[in-house]
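> This is the structure, below, for whatever I ask next.
Every number here is computed from the coordinates shown, using simple stated rules; none is lab data. None of the values given here were measured: they were computed from a predicted structure. Positions of Cβ are generated from backbone atoms using ideal geometry, with glycine treated the same way; all protein chains shown enter the neighbour counts.
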Amino acid sequence: MDTIYATATARGRAGLAVLRVSGPLAHAAGRALAGRLPTVRTAGLRRLIWDGELLDEALVLTFVAGASFTGEDVVELHVHGGPAVVGAILRALAAQPGLRLADPGEFTRRALENGVLDLAQVEGLADLIDAETDAQRRQAVRVLSGSVGQKVESWRRDLIRAGALLEATIDFADEDVPVDVSPEVLALIGGLMADLAREAEGVAAAERIRDGFEVAIVGAPNVGKSTLLNQLAGREAAITSEIAGTTRDVIEVRMDIGGLPVTFLDTAGLRETDDRLEQAGIDRALSRAERADLRLFLVDGGLPPGLTPRGEDIVVRGKSDTISIADGLAVSGLTGAGVQELMALVGRKLQDRVGSAGALVRERHRVAVTGAIAALAEARAEVVRGDSRVELAADHLRAAVRALDALIGRVDVDDLLGEIFASFCIGK
């Protein structure tokens, strides 16, 4: 396998930059620059010299195959983060025979291929790098720590136990088997199906944690939707005016609400109109509001035409600064009155929706688990028949094992790898 190198930190000026070298020639490449390498997994200060020129003083770390991120020999160079310094060291590495610049995600791909990470952990690492909120970070850390793989191993053990019981009846078909294995097999299958179904149902909530929620602010023209959005954003994100129908497009502001990523949508005021341009904005507002996870109806009297609140939607009185008494929750985008209470309510409603999130966090995970459930249903049907079709039941159990193995990347995932690693940076 080639020895690869890349910068593991972002481009640009910084106090420090980290360069990583991985592969069979990694230690030789480190010695060519730094001379004697420090003890494995111990940092040492070294002068990096190439062609007789001092490039920089660096903190150097070494790792050996089987005890590194990639599972290979690795050298890390922690250097000063100026572009000239980094460029000079990259050129020195490029000049060494047998070394090449890493492809996007290649370090992580080698960790997968060398058994250091499973595929779900790779996805967790990608999510951790992209995490913007605490909820995203916690979920990504849980997946990266191997929670999906641990679940799969537990399910796999039960499947193997059930399969072994059925195989025993096949192996001893010509003899009297002293115990009827059907009750234990059916109990194992039933428990697995229930557990897998719970995890599959939690994927939608986990995806919302990763991708974020959309909350649409809807209402009639001039009820203060854009002013409220500006108050939430802390800046002039939307144009405000006394002229009804100012907002024509959907304006988005991304926020962190209780650790959850939330995008608030300011939409066109809902009313009957003959203005074709305004109607186009209203149609777009209705479309986005229908797809939103939560709608915040800002009202000044009755509800707007064309849209009815759903169960979890919030109805709130706008422009509370212009009224003396409000019935129920009221906010003012102009003064900020009631906004904290409104955001707390939004946060509670969204937190309730993510309470069902489990170990599985992606649609790919849900598809794999759904496939395993279908195979288990077929196996259960064959066991219940009781007419010596245990070979078919055992085959369906093996299909369930294959579906779960695909979840963590043991089988049938080559077509996914290119798409997954394309999202990684060069140095990861």
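> Taking the highest mean first, how do the peptides 38-47, 108-117 order by number of other beta carbon atoms within 10 angstrom per residue? Each step should come with its number before you reach the end.
On the way: 38-47: 13.2, 108-117: 19.5.
Going from most to least packed, we get 108-117, 38-47.
> Work out, step by step, the length gained on full extension between Val141 and Glu53: first 0.36 nm times the residue separation, then minus their alpha carbon distance; give nm to one decimal. Each step should come with its number before you reach the end.
Working: separation 88, 0.36 × 88 = 31.68 nm, distance 4.22 nm.
Result: 27.5 nm gained on full extension.
> Place the peptides 147-156, 333-342, 73-82 in order of packing, highest mean first, counting for every residue the other Cβ atoms within 10 Å and averaging per peptide. Intermediate values should be presented prior to the final figure.
Numbers: 147-156: 19.0, 333-342: 16.0, 73-82: 21.4.
Ranked by mean Cβ neighbours within 10 Å, highest first: 73-82, 147-156, 333-342.
> Return the ratio Rg/(2.2 N^0.38 Å) for the chain, where Rg is computed over Cα atoms only. Walk me through the numbers on the way to the answer.
Numbers: Rg = 29.1 Å, N = 428, 2.2 N^0.38 = 22.0 Å.
Dividing the Cα radius of gyration by 2.2 N^0.38 Å gives 1.32.
> Name the residues whose placed amide hydrogens come within less than 5 Å of the amide hydrogen of Ala330, ignoring near sequence neighbours (fewer than 5 apart) on the same chain.
Amide H neighbours of Ala330: Arg317.
> Expressed as cubic angstrom per residue, what is the convex hull volume of the alpha carbon set of region 42-177? List each step's numbers first, then the result.
On the way: hull volume 24.4 nm³, N = 136.
Convex hull volume per residue, Cα atoms: 179 Å³.
> Amide H of Gly82 versus every other amide H placed in the peptide plane: which residues, excluding those fewer than 5 positions away on the same chain, fall under 5 Å?
Answer set, sorted by chain and number: Ala14.
> Would you mind counting up the charge near Arg208? Only other residues with Cβ under 11 Å from its Cβ, with Lys and Arg at +1 and Asp and Glu at -1. Provide the component values of the computation, followed by the final result.
Working: positive: Arg210, Arg353; negative: Glu207, Asp211, Glu214, Asp293.
Value of the local net charge: -2.
> A further question on this structure: How much length would be gained if the chain were fully extended between Ser182 and Ala399, taking 0.36 nm per residue of separation minus their Cα-Cα distance, in nm to one decimal?
Details: separation 217, 0.36 × 217 = 78.12 nm, distance 1.91 nm.
This chain segment gains 76.2 nm when fully extended.
> Given the peptides 352-358, 365-371, arrange them by the average over their residues of other C-beta atoms within 10 Å, most packed first.
Working: 352-358: 15.9, 365-371: 21.0.
Put in order of decreasing packing, that is 365-371, 352-358.
> Something else now. Can you grab the distance from the C-alpha centre of region 139-166 to the C-alpha centre of region 56-132, Å, no decimals?
Region 139-166 and region 56-132 have Cα centres separated by 29 Å.
> Another question about this same structure. Relative to a virtual label point 7 Å from the Cα of Ala337 in the Cα→beta-carbon direction, which members of region 183-227 show backbone nitrogen distances below 19 Å?
223-227
> Return the long-range amide H neighbours of Thr263 (sequence gap of 5 or more, or a different chain), with a cut-off of under 5 Å between placed amide H atoms.
Phe213, Glu214, Val215, Met255
> Want the number for Arg385 to Asp275: 0.36 nm per residue separation, take away the alpha-carbon distance, what's left? Don't jump to the answer; show the numbers that get you there.
Details: separation 110, 0.36 × 110 = 39.60 nm, distance 6.68 nm.
The span from Arg385 to Asp275 would gain 32.9 nm if fully extended.
> Related question: Dipole magnitude of region 214-353 about its Cα centre, charges +1 at Lys/Arg Cβ and -1 at Asp/Glu Cβ only, in debye to the nearest 20? Don't skip to the end; give the middle numbers.
Values: 16 positive and 21 negative charges, 50 e Å.
In debye, rounded to 20, region 214-353 gives about 240.
> A further question on this structure: Spelling out what I want: for every residue of region 116-129, take phi, set θ = phi - 60°, compute 6.51 cos²θ - 1.76 cosθ + 1.60 (Karplus), and round to whole Hz; glycine and proline get x.
Along region 116-129, the couplings run 6, 10, 9, 5, 5, 5, 4, 5, x, 5, 4, 5, 5, 5 Hz.
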